1. In the stretch 147-177, how many residues are closer than 21 Å to Asp81 by Cα and either of a type in the set (Val, Ile, Thr) or more than 22 Å from the chain's Cα centre (by Cα) (or both)?
2. Got a number for residues in the stretch 142-152 being in contact with a Ser or Thr (Cβ under 7 Å, 6 or more places away or on another chain) and buried (at least 16 other Cβ atoms within 10 Å of the Cβ)?
3. Are there any strands (runs of 3 or more DSSP E) wholly within the stretch 119-177 with 2 or more residues that are in contact with an Asp or Glu (Cβ under 8 Å, 6 or more places away or on another chain) and closer than 15 Å to Pro57 by Cα, and if so which?
4. Give the number of residues within the stretch 55-80 that are of a type in the set (Asp, Glu) and crowded, with 18+ Cβ neighbours inside 10 Å.
5. If the Cβ limit is 7 Å and pairs must be 6+ apart or interchain, which residue in the stretch 137-157 that is more than 15 Å from Leu70 (Cβ to Cβ) and at pLDDT 90 or above pairs with which residue that is assigned to a loop (DSSP other than H, G, I, E, B) and of a type outside the set (Gly, Ala, Ser)?
Amino acid sequence: MSEVDLDIAPEEADDTPRRRKPDWGLIAACLVIAGGLVAIAWGMSSAITGSEGVNRPDVIEDLSPVENALQVFQQEQIMVDLQFGYEAVLIVDGVELPTARIGEFSGDLTPENAGAQVSAPPTAIFDPGNSIITFRPSDDALIESFAEGRHSVQVIYWKIDEGRENALSYRWSFDVV
């Protein structure tokens, strides 16, 4: 035999590629990363944010303070924005507030007092043009300020053309600091 033939090992003479052993540490790390990405994607797709977690009637477009608010100020305004064509009254802590409609209370703008500041009555105020009812605690109002603690609000609302006898209601609460 020649010297060249002795240097060639039988494994090297075969042209088939050799398989490497799997790196189980690398495979485990990839599986952990993939699992983490799946968990993040699932969490983002199933998260409830904003007003999605609130089961509020469609007629109520917005309200303030929001349901279960935790840090509301004592003079915070209550506001309910309804769909157009609805009217409402507010009941705060079991007391129905008198409601004045914009355009019906004294102090509204007339040609004689155009540019003068209008003072709103110390009641709930309903704006029929926007279907918004608001109330802010103040001197001379039934509620001068919200005491510290939990308060409940109920809005009773109805279609203007159907009347209050066909009213529905929605209740929520908030905490004053």
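1. Counting residues in the stretch 147-177 that are closer than 21 Å to Asp81 by Cα and either of a type in the set (Val, Ile, Thr) or more than 22 Å from the chain's Cα centre (by Cα) (or both) gives 13.
2. 1
3. On the way: elements: 124-127, 132-135, 149-159, 168-176.
Output list reads 149-159.
4. Total satisfying the criteria: 1.
5. The qualifying pairs are Tyr157/Val59.
The values are calculated or read from the model by the stated rules, or taken from the named source; none is laboratory data. As the structure is a computational prediction, the values presented were derived from the model and not from experiment. Please note: Cβ atoms are built from the backbone with ideal geometry, for glycine as well, and neighbour counts cover all protein chains shown.
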